[in-house]
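Participant: Below is the structure I would like to discuss, written out as structure tokens.
Computed from the coordinates by the stated procedures, all read-outs in this text should not be read as laboratory data. Owing to the predicted nature of the structure, the values given are computational and were not obtained by experimental measurement. Because the Cβ atoms are built from the backbone with ideal geometry, glycine has one as well, and the counts that use them run over all protein chains shown.
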Amino acid sequence: MKVAILGLGRFGSRLVEELVGMGVEVLAIDVDARRVNELAEVATFAAAGNVADFEFLSSFDLESYDTVAVAIGSEVALSVLITLTLKRRMTLRHVVAKASTVDHAEALRLAGADIVVNPEQEAAIRLAHTLGPSSHLGEYLSLGPTFGAAKLEAPPEAIGKTVGSLPALRRNNVVLLALVRDNTVTFRPDGDTVVESGDMWLLAGEDEELQRASR
């Protein structure tokens with residue numbers, strides 16, 4: 001798999017590091033030569049130049065990449081322009097763009113971005129659930145206004161009982177997606193699986209039901 005990252009700020013740089021760690025071939029580009037040099041030994045390829053320059057972008061054969069990520073969230077006009085260039089002029093098949101505000105996200109979608117991410121907004125939502133009534137849920141991912149997915153340790157009251165016998169996991173509005181035990185993941189565990197101390201659950205459902213399941 002090949003991914004090109006345009007913009008090597010904190011978000012873009014971390015994205016490069018994570019993808020390389022997953023064995024992905026990564027092209028890292030930024031106008032700041034210092035940032036490029038910092039990642040030169042991490043990324044598969046790294047280059048410094050004006051990412052808004054069509055001729056410069058064209059020199060990298062971006063059509064051969066599975067995904068191109070526009071990781072420039074601070075400069076709204078620039079990120080929208082680059083997204084337009086990638087989708088409309090270069091007709092790339094898959095472009096992901098980072099947004100800094102709701103309006104920025106909408107502009108990126110109109111520019112043709114296939115996926116728009118807003119890391120700050122998503123982090124704020126997760127933090128709110130960490131600090132609020134759902135704080136005991138641990139890691140949380142919002143799936144909607146009142147729905148989400150959460151990773152939590154099996155409550156003490158569930159130890160020694162089967163998954164199928166637990167009322168909280170038998171409700172229609174909560175689903176046990178996976179059980180993690182000793183670094184082994186079991187997706188949709190059978191109802192006769194006995195819960196052990198230290199088990200981690202990955203649940204999805206209504207926030208209220210997730211809270212009940214964790215108690």
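Participant: Run a plain Debye calculation on segment 2-117 (Cα atoms as equal point scatterers, no solvent) and give log10 I(q)/I(0) at q = 0.13, 0.14, 0.23 Å⁻¹, rounded to two decimals, same order as the q list.
Facilitator: Values returned for q = 0.13, 0.14, 0.23 Å⁻¹ are -0.42, -0.49, -1.37.
Participant: Let me ask something else about it. Using r as the Cβ-Cβ distance of Arg109 and Glu208, and R0 as 30 Å, what FRET efficiency do you calculate, to the nearest 0.05?
Facilitator: Approximately 0.45, to the nearest 0.05.
Participant: What do you get for the angle between helix 119-131 and the principal long axis of the chain? Use alpha-carbon atoms, 0 to 90 degrees, nearest ten.
Facilitator: That helix lies at roughly 20 degrees to the long axis.
Participant: In nm, to one decimal, how far is the Glu25 label point from the Lys161 one, both placed 7 Å along Cα→Cβ?
Facilitator: Placing both labels 7 Å beyond Cα along the Cβ direction yields 5.2 nm.
Participant: At 7 Å along the Cα-to-beta-carbon direction for both Leu78 and Arg14, put a label point, then send me their distance in nm to one decimal.
Facilitator: The two pseudo-label positions are separated by 2.0 nm.
Participant: Tell me which label goes with the value of Rg/Rh (Cα atoms, Kirkwood Rh) computed from the coordinates here: (i) 1.07; (ii) 1.00; (iii) 1.09.
Facilitator: (iii)
Participant: Okay, moving on. Tell me, what ³J(HN,Hα) does each residue in segment 82-92 have, in order and in whole Hz, if you take phi through Karplus 6.51 cos²θ - 1.76 cosθ + 1.60 with θ = phi - 60° and put x for Gly and Pro?
Facilitator: 5, 4, 4, 4, 5, 8, 8, 8, 9, 6, 6
Participant: Using a cut-off of 21 Å between alpha-carbon atoms, which lysines can reach Lys151, once sequence neighbours fewer than 8 places away in the same chain are excluded?
Facilitator: Lys151 reaches Lys161.
Participant: Still on this model: Say R0 is 25 Å: what FRET efficiency, to the nearest 0.05, do Phe54 and Val102 get from their beta-carbon distance?
Facilitator: According to the calculation, E is roughly 0.30.
Participant: Also, I was wondering about something else. Using a Förster distance of 22 angstrom, determine the FRET efficiency expected from the C-beta separation of Ser142 and Phe187, and round it to 0.05.
Facilitator: For Ser142 and Phe187, the calculated efficiency is 0.55.
Participant: Ok, one more. Let me have the 222 nm mean residue ellipticity of the chain computed from DSSP H runs of 4+ only, each contributing -39500 (n - 2.57), with the sum over all residues rounded to the nearest 500.
Facilitator: Value at 222 nm, helices only, nearest 500: -8000 deg cm²/dmol.
Participant: Are there any GluC sites (Glu not before Pro) in segment 26-113 that are in a DSSP loop and have at most 15 other Cβ atoms within 10 Å? List them by number.
Facilitator: Sites meeting the loop and neighbour criteria: Glu41, Glu75.
Participant: With a cut-off of 19 Å, note down the residues of segment 100-122 whose backbone N falls inside the zone around a label point 7 Å from the Cα of Thr91 toward its beta carbon.
Facilitator: It comes to 111-114, nothing else.
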